[in-house]
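The structure appears right after this line, and notes come after that.
The values are calculated or read from the model by the stated rules, or taken from the named source; none is laboratory data. As the structure is a prediction and not an experimental result, all values here were calculated from the model. Neighbour counts are summed over all protein chains in view; Cβ atoms, including those assigned to glycine, are modelled from backbone coordinates with ideal geometry. Surface areas here come from the heavy atoms of the whole protein model, side chains and all, with no ligands, DNA or RNA. Shrake-Rupley method; radii C 1.70, N 1.55, O 1.52, S 1.80 Å.
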Amino acid sequence: MTASYKEPLIQVRGLEKVFRIKGGMLEKKQNLRAVRGVSFDIMPQETFGLVGESGCGKSTTGRLILQLLRPTGGEVLMEGKNLASMKGRALKEQRAKMQMVFQDPYASFDPRQNIYSAVSEPMVIYGLAKTKRERREKVAQLLADVGLNPDAMEKCPHEFSGGQRQRIGIARALALHPQFMVLDEPVSALDVSIQAQVINLLLEMKSQYGLTYLFISHDLSVIKYICDRVAVMYLGEIIEMADKETLFAQPLHPYSQALLAAAPKIGEQRTGEVLTGEVPSPIRPPKGCAFHPRCPHARECCKQVPPVQKLPDGRLIACWLYA
Amino acid sequence: MNDALLNVKDLTITFQTERGELTAVDHLSFDLGRKETLCIVGESGSGKSVTALSIMGLLPQPAGRVTNGSIRFQGQELTGLTNKQMQGIRGNRISMIFQEPMTSLNPVYTVGYQISEVLKKHKGMNTKEAMRYAAELLERVGIPEPGKRVHSFPHELSGGLRQRVMIAMALSCDPDILIADEPTTALDVTIQAQILRLMETLKQDLDMSIIFITHDLGVVSQISDRTIVMYGGMKMEERYADGFFDHVQHPYTVDLLGCIPTSSLSDGKLMPIPGMIPSLANMPGGCRFSNRCRRAMSACHETIPELREIEPGHWIACHLEDKEAVL
């Protein structure tokens with residue numbers, strides 16, 4: 001566990017992202033508020049999980065932190081420096097310290113670029129290994145670290161299976177020795193037997209390189225396996241955030257409870273109530289607590305925004321039930 | 001013993017490719033009883049989807065064909081039927097829903113129109129009757145405001161609603177069998193729970209049998225009456241009895257469970273299965289799982305193990321069950 005006196009590596013403060021989207025013909029442009037005031041800290045060498053259903057803003061949050069998308073509000077601090085206000089050279093330098101692994105290992109490679117070229121490209125851009133020979137050695141080392149034969153260098157992405165391609169994606173992300181990695185659904189596209197291999201690899205790389213992860217997933221069992229702390233998102237907001245043990249042992253927010261109950265568990269018949277309705281549109285989110293139209297405990301006060309408060313066990317929760 | 005609705009026997013499906021003829025499904029046999037939910041579980045390339053397509057007579061043409069075995073539906077052989085004969089059964093007696101409803105729906109027609117097409121074809125309804133019945137079907141699958149939704153286009157609906165539309169369409173002729181190929185894989189968990197519950201209710205109400213194809217063992221736990229585990233085109237394990245997950249025997253199924261982060265808090269370390277899923281062109285000799293199996297013996301690399309009943313209602317295909325091979 002990380003010592004308590006350490007400063008957080010990543011601090012996210014009131015992060016906002018509004019997309020302007022086209023309506024139909026003759027309709028005005030509309031605002032889609034994908035991320036609505038998200039705040040959290042990630043401690044060095046921690047694995048912080050973001051979990052939620054499609055459209056909850058978890059992937060957007062990951063991209064905002066890396067400045068792949070520019071936030072429309074709020075701050076992202078890495079080692080105390082605000083990334084959201086950085087530009088040009090300063091941002092480029094900072095970016096070398098943070099990398100991303102994407103969900104789809106088929107889409108995140110150029111099909112005509114061989115593996116050597118794909119993995120060494122970041123080193124060329126950052127002038128990390130000067131000669132071709134150094135780069136080849138470095139790439140061979142990275143491929144060996146992720147469990148691939150260095151012969152892979154000469155091959156093209158289509159010659160690999162999904163699991164191997166994800167390994168290459170991890171090798172590429174490691175090329176610049178980052179401190180921080182955003183893993184956006186890194187195992188969701190893989191078969192179960194391959195998924196386990198990649199999860200274990202991510203854990204090994206974390207201890208070998210001393211990495212800090214932001215792990216984004218819709219899969220609660222994977223989140224529970226890999227993360228130290230977890231934030232549950234719904235419609236662009238964090239509704240509950242706690243240590244993994246606390247959250248999974250006793251989720252408090254009605255949405256966290258529903259999400260945990262809905263995930264099918266091996267060896268168990270279905271129990272409990274099924275959540276009705278669907279996630280509302282982020283263009284017109286419900287007033288007050290975004291979850292109230294589907295919440296079995298909704299009361300009149302839920303039409304006002306619930307207070308975010310810290311409970312004695314250290315978790316954050318945004319729900320009137322605990323106010 | 002033939003009260004089963006569907007009997008599949010020694011089914012072998014091959015595909016003609018540039019690399020020669022590849023066997024996607026190899027001597028697969030199973031029965032589906034009335035009002036039974038059969039789950040076929042497997043990873044990519046296990047042959048589970050191809051099996052479903054062959055029952056529907058929808059194998060990609062001309063590459064794919066059934067080269068051996070039979071598929072009998074209520075005693076009638078389906079493998080030799082012409083496309084015309086098959087149309088009387090497909091969508092009428094046996095229906096299918098797919099993983100991604102957006103690709104199965106036509107984007108330029110309203111959902112009501114698409115459902116009514118089926119009704120006009122198979123039930124001889126006129127347009128007005130068909131549209132009215134389409135709205136009733138939408139109501140039955142739990143779509144709010146069905147009278148309005150019949151006029152919606154697929155893109156106006158969410159993923160969960162689209163899958164409900166597909167189910168409504170599949171149910172329009174009260175089929176005896178509903179084949180569902182990963183119907184909830186593209187959906188969020190809370191929506192998945194709704195769709196699984198809907199299918200369960202409809203199965204009870206309509207006396208249907210369901211063949212549910214999935215890679216998700218959690219889903220299997222919830223809905224399955226009979227479970228078949230496939231790997232490399234062959235059946236590895238089958239159990240027709242409760243408590244499949246408490247009794248798994250085949251090394252592949254056991255190892256597969258070891259790959260899944262459990263939902264209990266006392267998380268053990270994940271135990272990945274080494275190696276990769278072999279491609280159809282490079283299947284190992286003997287047992288298909290032999291090159292990744294921790295417990296493989298010499299016999300495993302040489303001969304394909306027979307399916308044996310290890311306890312009533314539970315079969316596995318593994319040499320470890322064969323006392324002579326172990327010795």
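For this structure, a couple of remarks:
- Mean residue ellipticity (222 nm) of chain B, computed from DSSP H runs ≥ 4 via -39,500 (n - 2.57), nearest 500: -8500 deg cm²/dmol
- With a 10 Å cut-off around each Cβ of B:269-281, the average count of Cβ atoms from other chains is 4.
- FRET E, pair B:Glu129, B:Thr185, Förster distance 35 Å, beta-carbon r, rounded to 0.05: 0.50
- The Rg/Rh ratio for the protein assembly as shown is 0.98, where Rg is the radius of gyration of the alpha carbons and Rh is the Kirkwood radius.
- Percent of beta bridges antiparallel (DSSP, the range B:84-235, rounded to nearest 5): 15 percent
- At a probe radius of 1.4 angstrom, the accessible area of the protein assembly as shown per residue rounds to 44 square angstrom.
- Top of A:Ile65, A:Ile266, A:Ile168 by mean-square fluctuation, Gaussian network on chain A, Cα under 10 Å: A:Ile266
- Out-of-range pairs (alpha-carbon distance over 22 Å; input A:Lys58/A:Lys244; A:Lys224/B:Lys48; A:Lys224/A:Lys265; A:Lys265/B:Lys269): A:Lys224/B:Lys48
- Sequence of B:Leu138, A:Leu190 from largest to smallest accessible area, 1.4 Å probe: A:Leu190, B:Leu138
- Cα-based reach from B:Lys148 at 14 Å (exclusive), listing aspartates and glutamates while leaving out same-chain residues under 8 positions away: B:Glu136, B:Glu139, B:Glu156
- Surface share of carbon and sulfur [accessible, 1.4 angstrom probe, percent] for the range A:113-271: 47 percent
- Helical content of chain A, expressed as a calculated mean residue ellipticity at 222 nm, amounts to -9000 deg cm²/dmol (DSSP H runs of 4 or more residues, -39,500 (n - 2.57) each, divided by residue number, nearest 500).
- Heavy-atom accessible area, probed at 1.4 angstrom with all protein chains present, ranks B:Arg288, A:Arg315, B:Arg294 as B:Arg294, B:Arg288, A:Arg315, highest first.
- Per residue, the convex hull spanned by the Cα atoms of chain A amounts to 165 cubic angstrom.
- Site pair A:Asn82 and B:Thr103 shows an inter-label distance of 4.6 nm when each label is modelled 7 Å from Cα along Cα→Cβ.
- Buried accessible area, chains B and A (both chains, 1.4 Å probe, Å² to nearest 100): 3500 Å²
- For the residue pairs B:Lys84/B:Lys123; A:Lys97/A:Lys138; A:Lys17/A:Lys92; A:Lys22/A:Lys87, alpha carbon separations beyond 19 Å are given by A:Lys17/A:Lys92; A:Lys22/A:Lys87.
- Loop-located trypsin sites (Lys or Arg not before Pro) across the range A:7-89 with a Cβ neighbour count of 11 or fewer within 10 Å are A:Lys22, A:Lys28, A:Lys29, A:Lys87, with loop assigned by DSSP.
- Rolling a 1.4 Å probe over the protein heavy atoms leaves B:Asp31 with an accessible area of roughly 40 Å².
- Cα point-scatterer Debye curve for the range A:205-323, base-10 log of I(q)/I(0) at q = 0.17, 0.18 Å⁻¹: -0.93, -1.03
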